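These notes are about the structure you will find just below.
The values are calculated or read from the model by the stated rules, or taken from the named source; none is laboratory data. None of the values given here were measured: they were computed from a predicted structure. Cβ placement follows ideal geometry from the backbone for every residue including glycine, while neighbour counts extend to all protein chains displayed.
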Amino acid sequence: MTSAQQQSNQREARKHADGRGVGEAAIITQGLTKKYGDFTAVDNLTFTVYEGEIFGLLGPNGAGKTTTILMLLGLTEPTAGTIRVAGSDPVRDPLAVKAVVGYLPDNVGFYPTLTGRQNLRYTAALNRLKGKEAEERISELLEEVGLTEAADKRAGSYSRGMRQRLAVADALIKRPRILILDEPTIGIDPEGVRDLLALLERLRDEQSMTILLSSHLLHQVQEICDRVGIFVSGRLIAAGPVGELQHELAARGGAEIEVQAVTADGRALQSPELEQLKAALADLRQVQGVDLEPDGGLVVHSEADVRVEIIRVLNSQGLLPLHVRLRGLSLDDIYARYFQEGVETTYVRA
């Protein structure tokens, strides 16, 4: 498990241990549906985004992600269902929602002949922020997004990644409680993606900002999302922390588990010890086979996630686990299993 996933699970555990409920939810949808004639763009969507987390709405282009975002912002009305964003209904009170939500669309537009700083001044004025307060806020945000040196260059000369970072600053001018981003990493080089995602993590960790982002580039956003919702053909087919979705799928359709262990004094296992461990693991219920890897590790092929049982075997033999982890269940793999292989709909803490 990655450090980001561990932090995610710790945050999730704290929420439930503290009894957090819908009162501390930033975004709630219930049965949200949007139809255009006979076409259903969003179908009975129900999910919750909690304060201070990054929620990824993930799926292919045309899945309904942008339509969902537009309904959250009050820019299009749902056919059915209810929405609450920071306690307000975007249909009945869109201005209240816009006051607390920063939005980064998938195609950001700036005045190309104005500098980055001048573009931000324009947005600040629209949000009734002027004078010294506006200038201090703009300088602060330019530094936050790493554009201080380019602040007085024309926005038309910015790279795609620089425009995206300027767009984040633009969305943060009003000091929103919630930040919504639609496909924020499209067209950005790998370094630009890393910078942008690191910025989103800082906003969550340092300012407790609630962030909802949509993307079809699953591998890019996996590390920063506390929870994800897999969205296909207008329907949310699975939602939860990536680790829980991994466990759910392993329980349903088999798992490959990598095992690396050492002796109690930290020595690498020798051939007889590896063979003994291999035999013990092969005897576990639901295990179909065990392979020995060249590096001295083992791969357990099982009908289900048997990591707990594997650790018990290690303990019984006086061995210390270096890692016992699922193989081949990245977010892309999870998506493929749920969508392409037609796994039945599952909701995990949606």
Which helices (runs of 4 or more DSSP H) sit wholly inside the range 35-132 and have at least 2 residues that are closer than 16 Å to LEU181 by Cβ?
65-72, 94-100
Surrounded by fewer than 18 Cβ atoms within 10 Å (Cβ to Cβ), within 17 Å of TYR111 (Cβ to Cβ) and not β-branched (Val, Ile, Thr), is that true of SER139?
no
Determine which single condition ASP152 fails, assuming it passes every other condition in (1) under 28 Å from TYR50 (Cα atoms); (2) in contact with a strand residue (DSSP E or B) (Cβ under 6 Å, 6 or more places away or on another chain); (3) not hydrophobic (A, V, I, L, M, F, W, C).
(1)
Checking LEU181 against (1) more than 14 Å from the chain's Cα centre (by Cα); (2) in a strand (DSSP E or B), only one condition comes out false. Which one?
(1)
Being surrounded by fewer than 19 Cβ atoms within 10 Å (Cβ to Cβ) and of a type in the set (Lys, Arg), is that true of even one residue in the range 183-201?
yes
Could you list, in sequence order, all residues of the range 184-194 that are among the charged types (D, E, K, R) and either without any contact (Cβ under 8 Å) to a residue 24 or more places away in the chain or not in a helix (DSSP H, G or I) (or both)?
ASP189, ARG194
Within the range 268-304, the residues that are touching an Asp or Glu at 6+ places or on another chain (Cβ under 9 Å) and assigned to a loop (DSSP other than H, G, I, E, B) are LEU284, ARG285, GLN286, GLU293, GLY297
Return the residues of the range 159-217 that are of a type in the set (Gly, Ala, Ser) and out of contact with any strand residue (DSSP E or B) (no Cβ under 7 Å at 6 or more places or on another chain); say none if nothing qualifies.
SER159, GLY161, ALA169, GLY187, GLY192, ALA198, SER208
How many residues does the range 135-146 hold that are at pLDDT below 95 and in contact with a Lys or Arg (Cβ under 7 Å, 6 or more places away or on another chain)?
2
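Of all residues in the range 92-128, how many are of a type in the set (A, V, I, L, M) and surrounded by fewer than 18 Cβ atoms within 10 Å (Cβ to Cβ)? Write out each step before concluding.
Applying the first criterion (of a type in the set (A, V, I, L, M)) to the range 92-128 yields 95-97, 99-101, 104, 108, 114, 120, 124-126.
Then keep just the ones that are surrounded by fewer than 18 Cβ atoms within 10 Å (Cβ to Cβ); that gives 95-96, 99-100, 108, 114, 125-126.
Looking only at that region, the number is 8.
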Give me the pairs, please: first residue somewhere in the range 211-236 and in the same structural domain as LEU172 (by TED's automatic domain parsing) and without any contact (Cβ under 8 Å) to a residue 40 or more places away in the chain, second residue anywhere and in a loop (DSSP other than H, G, I, E, B) and of a type in the set (S, T, N, Q), beta-carbon distance under 9 Å, and either six or more positions apart or on two chains.
LEU217/THR185; GLN220/THR185
Hey, can you tell me all the residues within the range 32-65 that are aromatic (Phe, Trp, Tyr) and in contact (Cβ under 8 Å) with a residue 60 or more places away in the chain?
PHE47, TYR50, PHE55
Taking the range 145-159 as the region of interest, how many residues are in contact with a Leu (Cβ under 7 Å, 6 or more places away or on another chain), assigned to a helix (DSSP H, G or I) and surrounded by fewer than 18 Cβ atoms within 10 Å (Cβ to Cβ)?
0
In the range 195-210, which residues are in contact (Cβ under 8 Å) with a residue 12 or more places away in the chain and over 19 Å from GLY161 (Cα atoms)?
ARG204, SER208, MET209, THR210
